[in-house]
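What follows draws every value from the coordinates through simple rules; no lab data is involved. Predicted, not measured: the structure shown is a model, and the values here were computed from it. Every residue, glycine as well, gets a Cβ built from its backbone with ideal geometry; the counts of neighbours run over all protein chains shown.
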Amino acid sequence: MALSYTIKKVIGVKQETTKAKSITLQTENDADFKYHSGQYITLRIKINGESLVRSYSISSCPATEKNITFTVKEIENGRVSSYLNNHIKNGDELEVLPPLGNFKIENSNLNQYKSYFFIAAGSGITPIISMIKTLLIGDSKSNIQLIYGNKTKDEIIFLEELNDLQNRFPNFKVYHLLSKENNILAYSNERISINIIEKISLEKNINIKENSGFYICGPDEMMRNINYHLLEKKVVQSNIYFESFTTNTSTEKKTVVENNSEYPTKIIIVIGGKEHEIAINEGETILDAAMDLDPPFSCMSASCMVCKAKLLSGKVEMDDEGPLDDKEISKGYILTCQSHPIGENIKITYDI
Ligand SMILES: Cc1cc2nc3c(=O)[nH]c(=O)nc-3n(C[C@H](O)[C@H](O)[C@H](O)COP(=O)(O)OP(=O)(O)OC[C@H]3O[C@@H](n4cnc5c(N)ncnc54)[C@H](O)[C@@H]3O)c2cc1C
Ligand code: FES
């Protein structure tokens, strides 16, 4: 069936820093809410009459915490992040989609790499702490380093928990970078860059070209930059993994895809077991055109995969394939927020 929202009760709220809270949902008895470390959930929330959809990475560890916890950093003027930080309390109910995402570490992969480099900035630590706990608690023999950038010490989410993990597990080391503060805790007062990765790999005698995995979550520009320099150092792309928190909830239209379709083009959409014929205007994505059918979506920018559907017939072109992997693409999976019709006889299903 199509992804659908379920009501979940809030059973824990923890202040992590002055601007970040962790929220635990009662999910343990719901098989749809089993998760892998690194995945995220999606909330639909009504604030001042407006229905808003946002994704949040899971910070809990599936090996030890069956209920899902996610951690939200309050953004200035951010509607949902401010609401969650200032109004949510135990006993409240939230509308939630089941866990999704390919940025993940599964139990079967605990020793995939000899060395792991986790690189996080600010709230980018949320999927990463879950992955690190999964490796350490799962008894991974790998060498694990976390490079974690913040502006100041007060902004470091999970500081105590990371210290505790570092004390318990000799194969884990945290390198804090603080860009706006000199502090005894900081490894360096620099921003995250390839220089830090090189310094650490020299210090620890790690050859990053061989058997090292890089998991990165932070601003898109930082991720692009690190990726570029890692490739320059001959690290292969398949060993570099990203999670982007970037969202585009604006109604701005993207580039119009040039094709031979006559507009408006009609396509068939299957959702909730029913078929609907809808019309797509030039420049619209399939998701834009399907909005009246209440399809699942969140970021609108090829990050979250909540809008994933399967092409049953015909052809579409995606502006951006986002985190879909080659296997999914070859099986016909598409991101509807990025897909435009090419030609006729197009049928897609959200019931996957
Ligand atoms: C897959 C995925 C996982 C995510 N995981 C987390 C998580 O674990 N923790 C977390 O705190 N957030 C996470 N996010 C981001 C989250 O979904 C929201 O985008 C964020 O909370 C802002 O929403 P808002 O409603 O508060 O801000 P809005 O009201 O949408 O935006 C208000 C202003 O803030 C700017 N803005 C929006 N998002 C950001 C951002 N991320 N950084 C800086 N400025 C921004 C907007 O451009 C706008 O000017 C994730 C996003 C994705 C796609
Ligand atoms: S809505 Fe997030 S990838 Fe399409």
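Remarks
- Cross-link pairs beyond the 23 Å C-alpha cut-off, checked among Lys46/Lys133; Lys141/Lys173; Lys308/Lys331: Lys46/Lys133
- Kirkwood analysis of the chain, using all unique Cα-Cα pairs, places the hydrodynamic radius at 21.5 Å.
- Selected from Leu324, Ile184, Ala63, residue furthest toward positive end of dipole (the chain; charges at beta carbon): Ile184
- Using 0.36 nm per residue and subtracting the Cα-Cα separation, the extra length available between His276 and Thr152 on full extension is 39.4 nm.
- Pairs beyond 21 Å (Cα-Cα), from Lys9/Lys274; Lys9/Lys104; Lys73/Lys151; Lys114/Lys234: Lys9/Lys274; Lys9/Lys104
- Residue among Ser55, Ser82, Ser238 with the largest mean-square fluctuation in a Gaussian network model of the chain, springs linking Cα atoms under 10 Å: Ser238
- With neighbour counts taken as other beta-carbon atoms within 10 Å, the residues Val316, Val174, Val13 rank, fewest first, as Val13, Val174, Val316.
- Close amide-amide hydrogen proximity is noted between Lys308 and Thr336, each under 5 Å apart and 5 or more residues distant or on a separate chain (H modeled in the peptide plane; Pro and chain starts excluded).
- Look at Tyr116, Tyr187 and count the other Cβ atoms within 10 Å of each Cβ; fewest to most, that gives Tyr187, Tyr116.
- Evaluated on the range 86-214, the Kirkwood hydrodynamic radius is 16.0 Å, with distances taken between all distinct Cα atoms.
- Segment Glu262-Asp292, length gained on full extension (0.36 nm per residue, minus Cα span): 8.6 nm
- Applying 0.36 nm per residue to the separation of Glu321 and Ile194 and subtracting their alpha-carbon distance, the gain on full extension is 43.1 nm.
- Placing a pseudo-label 7 Å from each Cα along the Cα-to-Cβ vector at Lys141 and Ser330 gives an inter-label distance of 3.2 nm.
- Cβ-based exposure ranking for Tyr350, Tyr83, in which fewest neighbours within 10 Å come first: Tyr83, Tyr350
- Considering only Pro296, Thr18, Leu162, and ranking their Cα positions along the charge dipole of the chain that arises from unit charges at the beta-carbon of Lys, Arg, Asp and Glu, the one farthest toward the positive end is Leu162.
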